[in-house]
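The values are calculated or read from the model by the stated rules, or taken from the named source; none is laboratory data. Nothing here was measured: the structure is a model prediction, and the numbers come from that model. Note: ideal-geometry Cβ built from the backbone for every residue, glycine included; neighbour counts use all protein chains shown. All accessible areas refer to the heavy atoms of the entire protein, side chains included, with ligands and DNA or RNA removed. Shrake-Rupley method; radii C 1.70, N 1.55, O 1.52, S 1.80 Å.
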Amino acid sequence: MERIIEGQDIRFSYDGAEVLRGINISISKGRIIGVLGANGAGKSTLLKILCGVLNPKSGNLLYNSREIKYVDKREAAKRISYVPQNLTFGFPFTVAEVVLMGRAPYIGRFEFERETDWKVAIHAMETVGIAHLQDRLVTEISGGERQLTSLARAVAQEPEIMILDEPATFLDVKHKTEVMRLLKRLKDEKNISVVAATHDIFSVLFYFDEIILLKDGKIFAEGSPEEILKEEILTAVYEIGVTVKKENGKIFVLPME
């Protein structure tokens, strides 16, 4: 299976406190991978390293078999999109303007956006289901709608891999389900890889191909949902008793009373 990103012995520290401790990770083309773990396990830091926002203190990060530090920045920006957990906007841009920002890697320094860029942005808004918001200011829409706007901007990049930190934050059950279905459709129709940090175990059950469980900055377990979502593994990672049941081919994870 073709690998897009590979991390070898990745380590990272904040102010001398090590938060990632020898991470080895491989992201293959056309897969949806969930990164799970308790708060403080290192999920957000790992995602920032995978997309190049942070540089590892040690270890190697490869993009298409090349060290990412040697990959052209504009080319990497076209192929790797990143949606942070809490994206804030300092200026009252319209939704359409924010989504168009996803086309920045395709536009030269002294160039203006082209008709093609606008078409891609509009298609991205339609894909995510926010075309009706395109003239609204991002400062005047809900947190969930801003999250969808960020996702549309990432889609407008036409990436090879999407890296998402809690993509369903602020979303109700309906929109959360729609986002997960969208990610699966992007994988199936465009062969886009998706890496998403999430606390939503139920989404993992239905939409993710692989799970990486982090604990104390290390990979505690990895594999398919069926391999990972077991009582002893989840209890060790989250430090709370859980019951895992399987009925009619479906897995249910419940906290123990």
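Quick grid of which residues meet (1) of a type in the set (Lys, Arg); (2) out of contact with any helix residue (DSSP H, G or I) (no Cβ under 8 Å at 6 or more places or on another chain); (3) surrounded by 19 or more Cβ atoms within 10 Å (Cβ to Cβ):
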{"site": "Phe206", "(1), (2), (3)": "no, no, no"}
{"site": "Ile212", "(1), (2), (3)": "no, yes, yes"}
{"site": "Pro225", "(1), (2), (3)": "no, no, no"}
{"site": "Lys230", "(1), (2), (3)": "yes, yes, no"}
{"site": "Ala236", "(1), (2), (3)": "no, yes, no"}
{"site": "Thr243", "(1), (2), (3)": "no, no, no"}
{"site": "Lys246", "(1), (2), (3)": "yes, yes, no"}
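Any residue in region 237-248 that's under 13 Å from Gly37 (Cβ atoms): show its pairings with residues that are part of a strand (DSSP E or B) and charged (D, E, K, R) at Cβ separation under 8 Å, as long as the two are six or more apart or on different chains.
Pairs found: Val237/Lys215.
If you scan region 195-235, which residues turn out to be of a type in the set (Gly, Ala, Ser) and at pLDDT 90 or above? It would help to see each step written out before you state the result.
Step one: filter region 195-235 for residues of a type in the set (Gly, Ala, Ser), giving 196-197, 203, 217, 221, 223-224.
Listed by number, the residues that qualify are Ala196, Ala197, Gly217, Ala221, Gly223, Ser224.
Among the residues of region 4-28, write down those that are of a type in the set (D, E, K, R) and within 17 Å of the chain's Cα centre (by Cα).
Within region 4-28, the first condition is being of a type in the set (D, E, K, R), and the residues that meet it are 6, 9, 11, 15, 18, 21.
Scanning region 4-28 gives a single hit, Glu6.
Pairs only if they're at least six apart or on different chains, beta carbon under 6 angstrom, first in region 110-139 and under 13 Å from Arg153 (Cβ atoms) and in contact (Cβ under 8 Å) with a residue 12 or more places away in the chain, second open to solvent by 30 Å² or more (accessible area, probe 1.4 Å) and among the basic types (Lys, Arg); list them, first residue then second.
Every condition considered, the pairs that remain are Val138/Arg146.
What's the number of the condition Arg21 fails, among (1) modelled with pLDDT of 90 or more; (2) of a type in the set (D, E, K, R); (3) part of a helix (DSSP H, G or I)?
So the condition that Arg21 fails would be (3).
What strands (runs of 3 or more DSSP E) completely inside region 181-228 contain at least 2 residues that are without any contact (Cβ under 8 Å) to a residue 24 or more places away in the chain? So that I can check it myself, show each step before the final result.
Numbers: elements: 193-197, 210-215, 218-223.
In region 181-228, 218-223 are the strands (runs of 3 or more DSSP E) which contain 2 or more residues that are without any contact (Cβ under 8 Å) to a residue 24 or more places away in the chain.
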